[in-house]
Amino acid sequence: MTIKEELEQLAERMNAAPGPIESLHAVYRFNLGNSGTYEVIFENGRAAVFNEATGQADCTLTLSEKNFYKLLEDDLNTTMAFMTGSLKVDGKLGLALKLQDILKQYK
């Protein structure tokens, strides 16, 4: 399954049960090196996926494709990844932490 397909399936699950994302209004950008750039926009209790930069991101996460899949599966120690430089966060760090909590609820 491609990264975009994974993100689209995740967005479908979120949109089917929007409770945890209802109050979230943010643009997350994922820079995955050679695997591309993806954005997930949360607005009005909905998640939308784009495989390009659509504008200004509130939180940008830069990581490898391998670590991205680990993040989606709640199998990435984000603190350790951040401390070792394998996860870089630009923008609002609080949104990165919130994303991890949200992903756990949709795993």
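Considering each residue of region 26-50, count those that are part of a strand (DSSP E or B) and either of a type in the set (A, V, I, L, M) or in contact with a Cys (Cβ under 8 Å, 6 or more places away or on another chain) (or both), and give that number.
The total comes to 9.
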Residue pairs qualifying under the 7 Å Cβ cut-off, at least six apart or on distinct chains, with the first in region 79-95 being closer than 14 Å to Ala26 by Cα and the second being outside any strand (DSSP E or B), are Gly91/Ala57; Gly91/Asp58; Lys92/Asp58; Leu95/Asp58
Pairing a residue in region 16-34 that is in contact (Cβ under 8 Å) with a residue 24 or more places away in the chain with any residue that is of a type in the set (Lys, Arg) and assigned to a loop (DSSP other than H, G, I, E, B), where Cβ atoms lie under 8 Å and the two sit 6 or more apart in sequence or on different chains, gives Ala26/Lys92
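Only one residue in Ala53, Ala57 is touching a Ser or Thr at 6+ places or on another chain (Cβ under 6 Å) and in a loop (DSSP other than H, G, I, E, B). Which one?
Ala53 is the lone residue from the list that is touching a Ser or Thr at 6+ places or on another chain (Cβ under 6 Å) and in a loop (DSSP other than H, G, I, E, B).
Do you know which residues across region 76-107 are β-branched (Val, Ile, Thr) and either touching a His at 6+ places or on another chain (Cβ under 9 Å) or part of a helix (DSSP H, G or I) (or both)?
Going through region 76-107, the residues β-branched (Val, Ile, Thr) turn out to be 78-79, 84, 89, 102.
The answer is Thr78, Thr79, Thr84, Ile102.
Each value in this text was obtained by applying a stated rule to the coordinates, not by laboratory testing. Remember, it's a predicted structure, so these values are computed and weren't measured experimentally. Don't worry about glycine lacking a Cβ; one is built from the backbone with ideal geometry, like all the others, and counts go over all protein chains shown.
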